[in-house]
Each structure stands twice: as C-alpha cells, then as structure tokens.
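A short reminder: the numbers here are calculations on the coordinates, not readings from a lab. Keep in mind that this is a model prediction, so the values were computed, not measured. Note that we place each Cβ from the backbone using ideal geometry, even for glycine, and neighbour counts take in every protein chain shown.
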Amino acid sequence: MNLYFDCTSGVSSDMILKALIGLGGKADEADKLKLPGHSQNSAQHDHGHHHSHRSHREIISLIENSDLSSGIKKTVLAIYEVIAKGEAQVHGTTVLDVHFHEVGRDQAIRNITGIAAALESLGVSRIYCSPIHDGTGFIQCSHGRIPVPVPAVMAMRQTCDYVFVTDDIETELVTPSGLGILMGIGAKYAEEMPPGKIVKTAAAKGGRDTGKEGLKAFLIQGEEK
C-alpha cells in the first residue's frame, strides 16, 4: 500500500495525524507512553511550562523506555532526529542537547507517536509527498517574532530534496514537526500522485485558518511491477 500527501496547503503534525486517522489508521498506541506527571488535567494545560522544554536526549530516553513496539519506536526516534538536527543548527548546540519547545510538549510527543502507530497499522510500504507550500511574513512563537519559513524549517530544507513553493499567505503553513515527520518517515518527493487504485482519501486542517483546504492524504493500491 502506498501513501501520498498533497501538501499544497502546508503540513503540520496535527494535520498528518488527523489525515492518517481519517484513512483508518490506529493511533491509540500513544497511550503506552510513560509521560511523567501526565494526566487529563496536565493535558488541558499543556500550553504552559509543564514538561514543555525537553532535550532530545530526554525524548530518546522516554521513547526507548516506553512499551511501544520496536517499529514505532524506530519511526518516532527517526522523526525527532530530523527535527533535532534542524533545531541544533539554528541554536548552535549539539543534536543530543538541543532543547525542544513546541515539539517537546506532551501532546506533540503523543501526536508523533500516534502518527508512527497509524502508519504501522495501515501497512504502508511507500510514502510520497507533493510540492510543499509555505507562507511568508512573520509569526509569534516561544522564541518571539520569527520569519516564515521559520528557521528550523529553513535548516531542514537544506537537507532534503523536496520542492517548496511560497504562497502569498502571511502565516506559517509548514511547521518544523510537519516537515520533520515527512523526512523522518522517509517520504519521497513525487511531482504527481503515484499510479494505482485510490483506496481511501482524507483531508485535515491545522490549527491556523489559512483559507486553504488542508492536507490531503491518499491511500493507494500500487501497481504491480
């Protein structure tokens, strides 16, 4: 089974997770994470400083000591490795010691774990993505006011062969976690959707109202070679 992401509306971790669940992926493996002090109450207040500044080293330990399957662990760690390399370049630190803000929060870790689990449950063998559209201007984040594309995304763009398009939309369309996930799961650039029978489609919007349709995902029964 092949998976194709249409990223003409950008890409973020929550968009990918919602799209995979829309395709029938099972993301409940994220419940096996042993997040320190995580409860329903802390989840609701996750925008605060509760466990929100984890280092890459801490996240590796958290994932390796969880009850997740080895396949899911491998995917989650691959995604965080990509994001860590981008963030380390931006902040001038080592890959292991880089501290995550947004992507180090409990919910972000759960999202990325859910994505890895959903991919495993769907039995996807090859993953492809379209040209990736981002916006322009500036956004406000934990580091203050930063330009779009954001620095971590720009760092990651230097190490992949995806095609990027700038839209005349003054906000972020591509998040570091969104791009890091595509790279970490081994998505290959495809100018067009790969041939085969489309088995199922799903679309998912992110938290920002960009006026665009959202990330589209297609599950494709590949043609036999």
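The peptide list 178-189, 69-80, put in order of mean Cβ contacts within 10 Å with the highest first, becomes 178-189, 69-80.
When each full DSSP H helix of the chain is screened for a Cα extent of at least 27 Å along its own axis and an average Kyte-Doolittle hydropathy of at least 0.0, the helices passing are 70-91. As a proxy for reagent exposure, ranking HIS53, HIS99, HIS133 by other Cβ atoms within 10 Å from fewest up yields HIS53, HIS99, HIS133. Here the calculated FRET efficiency for THR136 and GLU81, from their Cβ-Cβ distance with R0 = 25 Å, stands at 0.30, rounded to the nearest 0.05. Projected label points at ARG126 and GLU170, each 7 Å from Cα along the beta carbon direction, are separated by 4.3 nanometres.
Here r is the Cβ-Cβ distance between GLU191 and SER70 and R0 is 35 Å; the resulting FRET efficiency, rounded to 0.05, is 0.55.
Equivalent ellipsoid of the stretch 142-193: semi-axes from √(5λ) of the C-alpha gyration tensor, largest first, are 21, 14, 9 Å.
Its DSSP H runs of at least 4 residues, each contributing -39,500 (n - 2.57), put the calculated 222 nm mean residue ellipticity of the chain at -10500 deg cm²/dmol, to the nearest 500.
Compare SER130, SER121, SER61 in a GNM of the chain, Cα atoms joined below 10 Å, and give the one with the largest fluctuation. In the Gaussian network model the winner is SER61. Using a/c under 1.5 as the rounded threshold, could you call the stretch 104-200 rounded, prolate or oblate? The axes a ≥ b ≥ c are square roots of the C-alpha gyration tensor eigenvalues, and prolate needs a/b larger than b/c, oblate otherwise. Judged from the Cα gyration tensor, the stretch 104-200 comes out oblate (a/c at least 1.5, b/c at or above a/b).
In this structure, the residue pairs whose Cα-Cα separation is over 29 Å, taken from LYS34/LYS216; LYS26/LYS74; LYS32/LYS197, are LYS34/LYS216; LYS32/LYS197.
Projecting the Cα atoms of PRO147, MET193, VAL174 onto the charge dipole of the stretch 2-222 (Cβ charges, centred on the Cα centre) puts MET193 farthest toward the positive pole.
Taking the fewest neighbouring Cβ atoms within 10 Å as the starting point, the ordered list for ILE220, ILE127 is ILE127, ILE220. Between the stretch 54-102 and the stretch 19-36, what is the separation of their alpha carbon centroids in Å? Result: 18 Å between the Cα centres.
DSSP assigns beta bridges within the stretch 2-222; of those with both partners inside it, close to 65 percent run antiparallel.
The relative contact order of the chain comes to 36 percent, based on Cα pairs under 8 Å that sit 6 or more residues apart.
The amide H of CYS129, built 1.01 Å from its N in the peptide plane, has PHE5, LYS188, TYR189, ALA190 as neighbours under 5 Å, considering only residues 5 or more places off or on other chains. Extension gain for THR159-VAL199 works out to 11.2 nm (0.36 nm per residue, less the C-alpha to C-alpha distance).
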